[in-house]
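The values are calculated or read from the model by the stated rules, or taken from the named source; none is laboratory data. These numbers were taken from a predicted model, which means no experiment stands behind them. When we count neighbours, we look across all protein chains shown, and the Cβ atoms used for this are built from the backbone with ideal geometry, even at glycine.
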Amino acid sequence: MKQLNRTTVDQLPQYPIKVLQFGEGNFLRAFVDYAIQTLNNECDFKAGVAVIQPLTGGMVGSLNQQDGLYTLFMKGVLQGKEIQEKELISSIVRGIDPYKDFNAYLELAALEELEFVISNTTEAGIAYNPEDRFDMEPQRSFPGKLTRFLYERFKHFNGEKSKGLTIIPCELINHNAQTLKKIILQYIELWELEDGFKTWILESTDFHNTLVDRIVPGYPKDDIESYNQQLDYEDRLIVSAEKFFLWVIEGGEKLKAKLPFHKTELDVKIVDDMQPYRTRKVRILNGAHTTMVPFSILYGNQTVKETVDNPFTGAFVQAALFQEIIPTLDMDPQELEDFADAVLDRFRNPFIKHMLSSIALNSISKFKVRVLPSLLAYVDLKGELPVHLTFALSCLIRFYNSQWQGQVLPVKDEAQIMAEFKALWESESYDQISEQALSNTEFWGRDLTKVSGLSAAVSRGLKLIETQGVEKGFQQFAEHVNIQS
């Protein structure tokens, strides 16, 4: 079988480099490079991507062996129907390892056509390293490398305002672009670069906060033969992803003109404020995950799909979403319900085996950020406790007992939190366990015993889980617990 490259595949366009991309991993290739290709195919965007390897030991070499080509398989459920698609991605035209060829990296700064910088260097990638120096080849941190690159471009074009770049980071931290900009300004200060460069960064370089959402399992090693059988070439860089795609970018008409995603069917939203979308994702998608994990594991499920497919646990998750979480969000109700329906479709994806144990890490801090705001907002809105979210909180506290029906539970958290729960569960009083857990401000950021009725409800939930199991326990919890706050 022929090896995949540009000599073995006919009539592939090779566009000028418009995009500098930091990161060569599965997510960027299944998300950003796919999006750029969509613009190329549907909008005559004519943009090539130059990939920069942000760390040593990356895969730029493998990417270059295939001339930047790879196959993207997209599988999922959309409106209840299974979808399977594949596409040969050709938007990447060059890969550079700055650790081996720093000059080739800097030479890209002189490209007239270059317009965009896009990155995904993990959440830890946007960080300031005071040990980075201007004369290093390259700098250790991604922001350090980028600052050096931008300075090279500034000098090459003599500070011409029109040569500023549009920077769109995709790292999963809030205010990612503003954080990156702040660190670049720190390096300008540390390296004592001229004021003109600082002005060029502030006035000619655009930074756009983003939210990205797509599950990308990556290389399907466990089922690679079935993928290979669908190809007539050898591809060592196959990447699999779900069909769902969402990219929210803060920006205005200027950015919409530069990135005409509105002319495609991709769900790319260029908006003034992305925070409502971030809140939507955190409360609905992440909130549903965090709500279901202890509850569903105690019930006996192992995967997210099992959870939503099961008549009892699936109905529980749906009720939590549509009856208790969505009513607390200040967005268009239909848009929220459509998003929640899409989330449930994603949870049902038969092509992704998402283990509940794999998302059980740090469940206390996750509940604090993802679920507790919905619970408290519901109390403020309705004047009563939300039945499903309150029972989920009981399940969470029971989960941290670490043992259930003779089995060790997959509890994973900081040693101090684990130790505190171990001591807490030495009590034989559910009232005491509930009060001590809920009053711990280190867990929740506030004393939850101040929420009227919550401690008593959680205590009753704990007793019912222990004595009746999850399903019967919840039925009695919903019927008999006084939920008026």
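Tally the residues that are of a type in the set (S, T, N, Q) and over 28 Å from Q84 (Cα atoms), restricting the search to the stretch 309-355. It would help to see each step written out before you state the result.
Initially, the stretch 309-355 is screened for residues of a type in the set (S, T, N, Q), giving 310, 313, 318, 323, 328, 334, 349.
Right, trim to over 28 Å from Q84 (Cα atoms) and you get 323, 328.
Of the residues in that region, 2 qualify.
The set of residues in the stretch 156-174 being surrounded by fewer than 16 Cβ atoms within 10 Å (Cβ to Cβ) and either modelled with pLDDT of 95 or more or within 14 Å of I201 (Cβ to Cβ) (or both) consists of H156, N158, E160, K161, S162.
On the stretch given as the stretch 117-138, residues that are touching a helix residue (DSSP H, G or I) at 6+ places or on another chain (Cβ under 8 Å) and either charged (D, E, K, R) or touching a residue at least 24 places away in the same chain (Cβ under 8 Å) (or both) total 14. Residues that are out of contact with any Lys or Arg (no Cβ under 9 Å at 6 or more places or on another chain) and closer than 20 Å to E234 by Cβ within the stretch 12-32 comprise E24, N26, R29, listed in sequence order.
The conditions of being surrounded by fewer than 18 Cβ atoms within 10 Å (Cβ to Cβ), over 26 Å from N174 (Cα atoms) and without any contact (Cβ under 8 Å) to a residue 40 or more places away in the chain are met by A315.
Among the listed residues E479, E466, identify the single one that is in a helix (DSSP H, G or I) and farther than 16 Å from Q403 by Cα. Selected residue: E479, the only one of E479, E466 that is in a helix (DSSP H, G or I) and farther than 16 Å from Q403 by Cα. Any idea which of L372, L376, L361 is surrounded by 20 or more Cβ atoms within 10 Å (Cβ to Cβ) and assigned by TED's automatic domain parsing to the domain that holds G469? Only one candidate qualifies: L372.
Scanning the stretch 140-154 for residues that are outside any helix (DSSP H, G or I) and either closer than 12 Å to L106 by Cα or among the acidic types (D, E) (or both) yields a total of 0.
Surrounded by fewer than 16 Cβ atoms within 10 Å (Cβ to Cβ) and within 31 Å of the chain's Cα centre (by Cα), is that true of D447?
Working: surrounded by fewer than 16 Cβ atoms within 10 Å (Cβ to Cβ): yes; within 31 Å of the chain's Cα centre (by Cα): yes.
Answer is yes for this residue.
Residues in the stretch 374-397 include none that are β-branched (V, I, T) and not in a helix (DSSP H, G or I). Out of everything in the stretch 322-336 that is in contact (Cβ under 8 Å) with a residue 12 or more places away in the chain and in a loop (DSSP other than H, G, I, E, B), what residue ends up being nearest to A392 (Cα to Cα)? Restricting to residues being in contact (Cβ under 8 Å) with a residue 12 or more places away in the chain and in a loop (DSSP other than H, G, I, E, B), the top hit is L329.
Residue by residue, here is whether (1) more than 21 Å from E384 (Cα to Cα); (2) modelled with pLDDT of 95 or more holds:
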site: E414; (1), (2): yes, no
site: S429; (1), (2): yes, yes
site: I433; (1), (2): yes, yes
site: L438; (1), (2): no, yes
site: T441; (1), (2): yes, yes
site: W444; (1), (2): no, yes
site: L448; (1), (2): no, yes
site: V451; (1), (2): no, yes
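Put simply, of I270, I238, I224 the only residue that is of a type outside the set (S, T, N, Q) and in contact with a Ser or Thr (Cβ under 9 Å, 6 or more places away or on another chain) is I238.
Applying the criterion of being surrounded by 15 or more Cβ atoms within 10 Å (Cβ to Cβ) and in contact with a strand residue (DSSP E or B) (Cβ under 7 Å, 6 or more places away or on another chain) to the residues of the stretch 329-354, the residue that is nearest to N310 (Cα to Cα) is R348. Applying the condition of being in a helix (DSSP H, G or I) and in contact with a strand residue (DSSP E or B) (Cβ under 6 Å, 6 or more places away or on another chain) to the stretch 155-209 and asking which residue is farthest from L114 (Cα to Cα) yields N176.
Of all residues in the stretch 71-89, which are surrounded by fewer than 22 Cβ atoms within 10 Å (Cβ to Cβ) and under 22 Å from Q229 (Cα atoms)? Matches in the stretch 71-89: T71, F73, M74, K75, E82, I83, Q84, E85, K86, E87, L88, I89. Here the stretch 115-130 is the region considered, the condition is being modelled with pLDDT under 95 and of a type in the set (A, V, I, L, M, F, W, C), and the residue that is surrounded by the most Cβ atoms within 10 Å (Cβ to Cβ) is I126.
Residues that are hydroxyl-bearing (S, T, Y) and in contact with a helix residue (DSSP H, G or I) (Cβ under 9 Å, 6 or more places away or on another chain): which helices (runs of 4 or more DSSP H) entirely in the stretch 230-321 hold 1 or more of them?
Numbers: elements: 253-258, 275-280, 287-299, 304-309, 311-319.
Here the list reads 275-280, 287-299, 304-309, 311-319.
Inside the stretch 382-399, can you point out the residues that are touching a Leu at 6+ places or on another chain (Cβ under 8 Å) and among the aromatic types (F, W, Y)? Write out each step before concluding.
The initial filter retains those residues of the stretch 382-399 that are touching a Leu at 6+ places or on another chain (Cβ under 8 Å), namely 385-386, 389-390, 393-395, 397-399.
Within the stretch 382-399, just F399 meets the criteria.
You will find that of L190, L180, the residue that is buried (at least 21 other Cβ atoms within 10 Å of the Cβ), over 30 Å from T8 (Cα atoms) and either among the aliphatic types (A, V, I, L, M) or outside the structural domain of E24 (by TED's automatic domain parsing) (or both) is L180 and no other.
Just the residues that are farther than 14 Å from S296 by Cα, in a loop (DSSP other than H, G, I, E, B) and either in contact with a helix residue (DSSP H, G or I) (Cβ under 6 Å, 6 or more places away or on another chain) or not polar (S, T, N, Q) (or both), please, taken from the stretch 401-416. Scanning the stretch 401-416 gives G406, D413, E414.
Condition check: of a type in the set (V, I, T) and either without any contact (Cβ under 8 Å) to a residue 24 or more places away in the chain or surrounded by fewer than 17 Cβ atoms within 10 Å (Cβ to Cβ) (or both). Does T467 satisfy that? I'd like the intermediate steps shown before the answer.
Working: of a type in the set (V, I, T): yes; either without any contact (Cβ under 8 Å) to a residue 24 or more places away in the chain or surrounded by fewer than 17 Cβ atoms within 10 Å (Cβ to Cβ) (or both): yes.
The answer is yes for T467.
Within the stretch 73-114, take every residue that is under 30 Å from F339 (Cβ atoms) and assigned to a loop (DSSP other than H, G, I, E, B) and give me the one that is modelled with the highest pLDDT. Steps first, please.
Within the stretch 73-114, the first condition is being under 30 Å from F339 (Cβ atoms), and the residues that meet it are 73-87, 89, 91.
Next cut, assigned to a loop (DSSP other than H, G, I, E, B) only: 79-80, 91.
On the way: Q79: 73, G80: 72, S91: 97.
Checked the stretch 73-114; the qualifying residue modelled with the highest pLDDT is S91.
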